[in-house]
1. Does Leu48 satisfy being in a loop (DSSP other than H, G, I, E, B) and under 14 Å from Glu89 (Cα atoms)?
2. Please indicate, with yes or no, whether at least one residue in the range 115-136 is surrounded by 15 or more Cβ atoms within 10 Å (Cβ to Cβ), not hydrophobic (A, V, I, L, M, F, W, C) and not in a loop (DSSP other than H, G, I, E, B).
3. Might you let me know whether the range 111-121 holds any residue that is hydroxyl-bearing (Ser, Thr, Tyr) and either more than 19 Å from Pro45 (Cβ to Cβ) or touching a helix residue (DSSP H, G or I) at 6+ places or on another chain (Cβ under 8 Å) (or both)?
4. Being open to solvent by less than 30 Å² (accessible area, probe 1.4 Å) and polar (S, T, N, Q) is the filter here; which residues of the range 62-84 pass it?
5. Kindly indicate which of Ala90, Ala101 is at pLDDT below 95 and not acidic (Asp, Glu).
6. Are any of the residues in the range 51-67 at positive phi and either outside any helix (DSSP H, G or I) or at pLDDT 95 or above (or both)?
7. Any residue that is under 30 Å from Ser131 (Cα atoms) and part of a helix (DSSP H, G or I) - is there at least one of those in the range 86-97?
Amino acid sequence: MDSNPTPPCTAFYDGAHYESQRSVGYWIKMAYAELQRSLDARMHPLDLTGMQWGPLWLIGSGRADTVAACAREAGIDAGAMTRMLDRLEAKGLLVRERCTADRRVVRVSLTDHGQDIVKEIPHILADVLNSHLVGFSHDEAQALLSLLQRFVRNGDVAKD
């Protein structure tokens, strides 16, 4: 191991010479768009869009049981989540009920059909991610995951 590692660079980009196609942000956006396209295609047989599986997964995995919790966990506003849940409820995948103790709280739960659909989601997610990781070694995939996690943590620190 090198006893004198090169210190990390603090400025990768120069605003005077910025090129979007050489930007990490650009490629993260492109990767996200490709994942969404793949998920849309793979979720289509379940009559879901690439975005609709998220709330179902949150509810089915026990991470959210209210409209507000779904919105918070998904990182979208409550109004947008309500509209998405409207569509999922119309498809017979979930039901909403007002809490009797606090009428402002709307609880969500999966129907039997919704539970069946949720069982398919992890298999589709794994297939889509695996298809995007074709040609990566195990170590490369782990390095990518680690680097993205650090990238996100750095953004969290910058918010403080």
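1. yes
2. Yes.
3. no
4. Within the range 62-84, Thr66 is the sole residue that qualifies.
5. None of the other options fit; the residue is Ala101.
6. Checked the range 51-67: at least one residue is at positive phi and either outside any helix (DSSP H, G or I) or at pLDDT 95 or above (or both).
7. yes
The values are calculated or read from the model by the stated rules, or taken from the named source; none is laboratory data. All values derive from a computational prediction rather than experimental measurement. FYI the Cβ positions are ideal-geometry reconstructions off the backbone, even for glycines, and counts take in every protein chain you see. For the accessible areas, the whole protein counts, side chains as well, though only heavy atoms, and no ligand, DNA or RNA atoms are used. Shrake-Rupley method; radii C 1.70, N 1.55, O 1.52, S 1.80 Å.
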